[in-house]
Amino acid sequence: MTFLKKILITGGAGFIGSHLVRLMVNKYPSYKIVNLDKLTYAGNLENLKDIETSSNYEFIKGDIVSAEFIADLFKKYQFDAVIHLAAESHVDRSIANPMDFIMTNIVGTVNLLNAAKSNWSSTKNNLFYHVSTDEVYGSLGQTGMFTESTSYDPRSPYSASKASSDHLVRAYFHTYHLPIVISNCSNNYGSHQFPEKLIPLFINNIKNNKSLPVYGKGENVRDWLWVEDHARAIDLIFHNAKIGETYNIGGHNEWKNIDLIRVMCKIMDEELNRPIGTSEKLITYVTDRAGHDLRYAIDATKLKNELGWTPSLQFEEGIKKTIRWYLENENWLNQVTSGEYQKYYDKQYFNR
């Protein structure tokens, strides 16, 4: 079968990546979607069971840190475009072992850039789309929002590695004229997220009557974006953005961690038919994370004005849908929190 486009999606078995792969496979049958994933603890092919036999989909297990592997992959498939999501993404892990983040997030990105540069003789129909994070901007005070022109000020090994990869992608655009776009998104939530992150971790802990460890006083503020809205935004940017541009993607949903947790406790009590207030008793306060950014807030005005994107789901509706998904998919949750997964899971607190 001849495909209109051959697209490499890296990290496609992960949380955000699997939602994007599913959207692209289902929405664009004329595209060949190749999902490249190392299948670390956070990558799970169970996330894509529903589309694994699709005629326009192929999974490849591999590591972007291997330049030779990436070069051979590009030669074999002759990709028209790359949507790059593969990354080490948990701040706590980056503090404990920054080298993994340097290798995957920086070296891996450069390997992909070099392969694209070597194989794309004509850039007219090619695109390297780099998916990044709002954490590269650092920390906000009580007011203000991150825009696409906000100066970078990363505070953790994770955010520093992502900032470095952003700069390298832009450098390849300016130096080699490689066609690129970049998006920086806020915290994602939704189904299929590995439970080291706040929302799935606390859902699982509440269900099992385990402690809910809150960093500091729980006053850190995050902007929450439903993962399916993020996937829609990536699709829109991929097909319509101007080459060389950057777009911020945010949910317009700022919550203090402690307020979010209390909302989750109430919903969980309702869903589990427990007296209201039962789950909130599980909250405990622990020593704050080193270099914990106070507040993130995304201004997504550019994306709205130029490409017409807005979030489809308000947080209160989205969090209920998310909680119900985890409660209705206990087999998935038990599978990812068992065995080797459990060794990681038990050491973690919650989302960045």
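The values are calculated or read from the model by the stated rules, or taken from the named source; none is laboratory data. Quick caveat: nothing in here was measured; it's all calculated off a predicted structure. Using ideal geometry, Cβ is built from the backbone for each residue, glycine included, and neighbour counts are taken over all protein chains shown.
Quick one: which residue in ILE102, ILE70 is crowded, with 20+ Cβ neighbours inside 10 Å and either among the hydrophobic types (A, V, I, L, M, F, W, C) or in the same structural domain as LYS242 (by TED's automatic domain parsing) (or both)?
Result of the check over ILE102, ILE70: ILE70.
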Which numbered condition GLU68 misses (of (1) assigned to a helix (DSSP H, G or I); (2) closer than 29 Å to ARG93 by Cβ; (3) touching a helix residue (DSSP H, G or I) at 6+ places or on another chain (Cβ under 8 Å)) = (3)
Pairs with Cβ under 6 Å, 6+ apart, first in the stretch 138-151 and without any contact (Cβ under 8 Å) to a residue 60 or more places away in the chain, second among the hydroxyl-bearing types (Ser, Thr, Tyr) and surrounded by 18 or more Cβ atoms within 10 Å (Cβ to Cβ) | THR150/TYR137
Taking the residues in the stretch 71-111 that are among the aromatic types (Phe, Trp, Tyr) and in contact with a helix residue (DSSP H, G or I) (Cβ under 9 Å, 6 or more places away or on another chain) as candidates, determine which candidate is modelled with the lowest pLDDT.
-> PHE101
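Please specify each residue of the stretch 233-272 satisfying the condition of being under 30 Å from TYR215 (Cβ atoms) and of a type in the set (D, E, K, R).
Step one: list which residues in the stretch 233-272 are under 30 Å from TYR215 (Cβ atoms), which gives 233-234, 246-272.
Residues satisfying the conditions are GLU254, LYS256, ASP259, ARG262, LYS266, ASP269, GLU270, GLU271.
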Checking THR278 against (1) at pLDDT 95 or above; (2) outside the structural domain of LEU201 (by TED's automatic domain parsing); (3) of a type outside the set (Lys, Arg), the condition it does not meet = (2)
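Condition check ((1) buried (at least 24 other Cβ atoms within 10 Å of the Cβ); (2) in contact (Cβ under 8 Å) with a residue 12 or more places away in the chain; (3) in contact with a Pro (Cβ under 9 Å, 6 or more places away or on another chain); (4) hydroxyl-bearing (Ser, Thr, Tyr)) across all residues:
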position	(1), (2), (3), (4)
TYR176	no, yes, no, yes
SER186	yes, yes, no, yes
LYS197	no, yes, no, no
PRO200	yes, yes, no, no
ASN205	no, yes, yes, no
ASN209	no, yes, no, no
TYR215	no, yes, no, yes
LEU225	yes, yes, yes, no
ILE234	yes, yes, no, no
